[in-house]
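The values are calculated or read from the model by the stated rules, or taken from the named source; none is laboratory data. Keep in mind it's a predicted model, so treat the numbers as computed, not measured. Every residue, glycine among them, receives a Cβ derived from its backbone with ideal geometry; neighbour counts consider all protein chains shown. These accessible areas exclude ligands, DNA and RNA; they are computed on the full protein's heavy atoms, side chains included. Shrake-Rupley method; radii C 1.70, N 1.55, O 1.52, S 1.80 Å.
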Amino acid sequence: MTIPEPTDVHAAWLPPEAFRAIGSRRTLVQAEGPLAGTVRAEVEQARARYGGAAEGPYDLVLSLDAAEGADGYAIARRDGVTTVTGGDPAGLLYGFFHVVRLGEAAFGADREPEHHRPAMRRRMLDHWDNIDVHPVMGQVERGYAGGSIFWSDGAPRPDLTRVGAYGRLLAASGVNAVAINNVNVHATEARLLTDRLGEVAAIAAELRPYGIRVHLSVNFASPIALGGLSTADPLDEGVRAWWARTTEQVYAAIPDFGGYVVKADSEGQPGPFAYGRTHADGANMLAEALAPFGGVVHWRAFVYNHRQDWRDRSTDRARAAYDHFAPLDGTFLDNAILQVKHGPMDFQPREPVSPVILAMRGTRLAVELQVTQEYTGQQRHVCYLAPMWSEILAFENVAEAGDLVAVSNVGDDRYWTGHPLAQANLYAFGRLAWDPGLDPAAVLDEWIDLTFAWPGESLRRTLHAMMDGSWRTYERYTAPLGVGFMVRPGHHYGPDVDGYEYTPWGTYHFADRDGVGVDRTRATGTGFTGQYPQPWSDVYESLERCPDELLLFFHHVPYGHVLHSGSTVIQHIYDTHFAGAEEAAETRLHWEKLADTDAVDPDLYARVKERLDEQVRCAEEWRDQINAYFFRKSGVPDARGRHIP
């Protein structure tokens, strides 16, 4: 096979230099089959570039041993030979990329066998790509890196080389599944299931050499829209037969097809509620159609009332997923996977873990993250998200979910993610999906070393300083203490404190002259705290025990309420927003020190500098609008006497 390396695209974390250690040595691949062929092709290309010999004695030997398990591998070094043993061909591929990450360190001192197996069975990216350009959302919904790598203006891209290069990047970080179209399935995308299935097969062919399975978002009402039926009732025999026939045709075209992704009864999408059926009825119908072929359905739990009366404080969007799904625990088939957003709202910079994840022990779950930074700077701001994800995955049983899924942040931009430093989020997702226990700071350094081809210590320190604390910096200059949103409606970029406050979306902060926050307690509020198991139910219920960073998510408090930090709520708002804007400016200063060096490619330097300029501007806008809003609401001046517009 030919290694996909498009010349007009940034190499991300697989630049040619990353393969020098392997390419300059003698490597033997003792395995057969398509994925083993991919490993062999990678080795041969590296050897051709860096002059390694094809004959033994060998420095690196890659072979198979089923004892390592699916996707697993072991790496060891003894007597001058590094060995990688894959439990299957996919494991061999992941083991090969482990050696790439190690570089020269893979060929140093002897090491005892290290066994590596993924924590998550499916490590999956969902693309919110549209085939037709949507009049509001564009080619990619909530995409901040250009157009789709799959589609362009209603048609498949004629050259899919970049898709293959994308699969290579994903495999190197541990990802093994991709859904290639928007969960909001429009009329054109619906046809991918039937008369446009060949386009899906072509994409699958590009991703297959790197062990990436294709999944498809489907419209629950497809039997009506595509099959000419009068109903999509999941208990109707004709509907079930239609899905069975259609699924059989999908697998005839794509034998390794992964399965379906469904957004139903959510934000206007059709679903089983129209027929008086449950979400388990809908998910199980599709699971039965997929079961003969080993496929799965990812059924999204993002179901809530988006036509809420803002005056009604008893209705709580945060409660919705639990209220809908917790009573159904244990009724989903084994290949029906409930896909739950990590928080109860919508990918905010700070949310508690969704109680659905903690409650549904009898249901297979996928935890959903968002790599594309819809509410964390939209890839115009440096915001390294791995520390947030690490906190989420370390909470209770979250890491025990079988799948980890994230909304992809790539597009057809030269740098894949628009902001070159946002590549770190894509890389870190794959690494944490493989091993949730990894240190996010170490993963960041791993990404820096690969992407910048083992940079000098000065560049490594600069990038680490810019990125490691960037999530908390972003949190400081945006919505305070877990209250969330406060963004401009529609596009969600930049501050608008009351933008959603009197709308039907259920995303409120309830700020008034006396205080701010949402009362979600059992005693006086919406009762949301009661959806959590102990001890968290009581921790969040208690004003004294609730963590500061989530205080306004769970409680409405006076501006003078004293936090555990010793600061009042209003002073915390002032202090963090001034500090966050200052930190954004410091981040730009770090980068500007590289201007007159040869440490970074000039084009990449210019792109990052342009994004940092915008981040500084936007952080100051957030600081001024948030501080001015709460100064005028509360009437409390800044204790430090700083100017508030």
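A few comments on the model shown:
- Yes/no for N176 being open to solvent by 10 Å² or more (accessible area, probe 1.4 Å), under 17 Å from the mean Cα position of the chain (by Cα) and closer than 18 Å to V297 by Cα: yes
- Between V562, V569, the distinction of being out of contact with any Cys (no Cβ under 7 Å at 6 or more places or on another chain), open to solvent by 50 Å² or more (accessible area, probe 1.4 Å) and β-branched (V, I, T) belongs to V562 only.
- Neighbours by Cβ (under 7 Å, 6+ apart or cross-chain): first from the range 299-327, among the small types (G, A, S); second open to solvent by 30 Å² or more (accessible area, probe 1.4 Å): A320/N305; A326/A359
- Pair list, Cβ < 6 Å and 6+ apart or interchain, from the range 423-445 residues that are touching a residue at least 12 places away in the same chain (Cβ under 8 Å) and among the basic types (K, R) to residues that are crowded, with 21+ Cβ neighbours inside 10 Å and assigned to a helix (DSSP H, G or I): R431/S173; R431/V443
- Against the criterion of being within 30 Å of I570 (Cα to Cα), of a type outside the set (F, W, Y) and in a helix (DSSP H, G or I), V616 qualifies.
- Among the candidates R611, R640, R617, residue that is out of contact with any strand residue (DSSP E or B) (no Cβ under 7 Å at 6 or more places or on another chain), closer than 19 Å to A422 by Cβ, of a type in the set (D, E, K, R) and in contact (Cβ under 8 Å) with a residue 40 or more places away in the chain: R611
- Residues in the range 217-240 that are open to solvent by 40 Å² or more (accessible area, probe 1.4 Å) and touching a residue at least 40 places away in the same chain (Cβ under 8 Å): L235, R240.
- The lone exception for A165 - which of (1) touching an Asp or Glu at 6+ places or on another chain (Cβ under 9 Å); (2) in a helix (DSSP H, G or I); (3) crowded, with 24+ Cβ neighbours inside 10 Å it fails: (3)
- Evaluation of D153 against (1) open to solvent by 50 Å² or more (accessible area, probe 1.4 Å); (2) at pLDDT 95 or above; (3) more than 23 Å from the chain's Cα centre (by Cα) (one fails), failing number: (2)
- R111 satisfies every condition listed in (1) surrounded by fewer than 22 Cβ atoms within 10 Å (Cβ to Cβ); (2) within 15 Å of the chain's Cα centre (by Cα); (3) of a type in the set (K, R) except (2).
- The combined condition, being over 19 Å from S354 (Cβ atoms) and open to solvent by 10 Å² or more (accessible area, probe 1.4 Å), is not fulfilled by R522.
- Cβ-Cβ contacts under 9 Å between residues 6 or more apart (or on different chains), taken from a first residue in the range 76-88 that is closer than 12 Å to V61 by Cβ and part of a strand (DSSP E or B) to a second residue that is polar (S, T, N, Q) and open to solvent by 20 Å² or more (accessible area, probe 1.4 Å), are listed as A76/T83; A76/T85; R77/T83; T83/S63; V84/S63; T85/S63; G86/S63.
- Of all the listed residues (G330, G402, G377), the sole one being in contact (Cβ under 8 Å) with a residue 60 or more places away in the chain and on the phi > 0 side of the Ramachandran plot is G377.
- Checking each residue in the range 119-142 for being open to solvent by less than 30 Å² (accessible area, probe 1.4 Å), closer than 20 Å to L207 by Cβ and part of a loop (DSSP other than H, G, I, E, B) picks out M120, H127, W128.
- Looking at F220, F257, just one residue is under 16 Å from H186 (Cα atoms), of a type in the set (F, W, Y), assigned to a loop (DSSP other than H, G, I, E, B) and in contact with a helix residue (DSSP H, G or I) (Cβ under 8 Å, 6 or more places away or on another chain), and that residue is F220.
- So A585, is it among the aliphatic types (A, V, I, L, M) and modelled with pLDDT of 95 or more: yes
Per-residue answers, yes or no, for (1) among the β-branched types (V, I, T); (2) out of contact with any Asp or Glu (no Cβ under 7 Å at 6 or more places or on another chain):
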residue	(1), (2)
Q373	no, yes
Q379	no, yes
Y384	no, no
L393	no, yes
A401	no, yes
V405	yes, no
Q423	no, yes
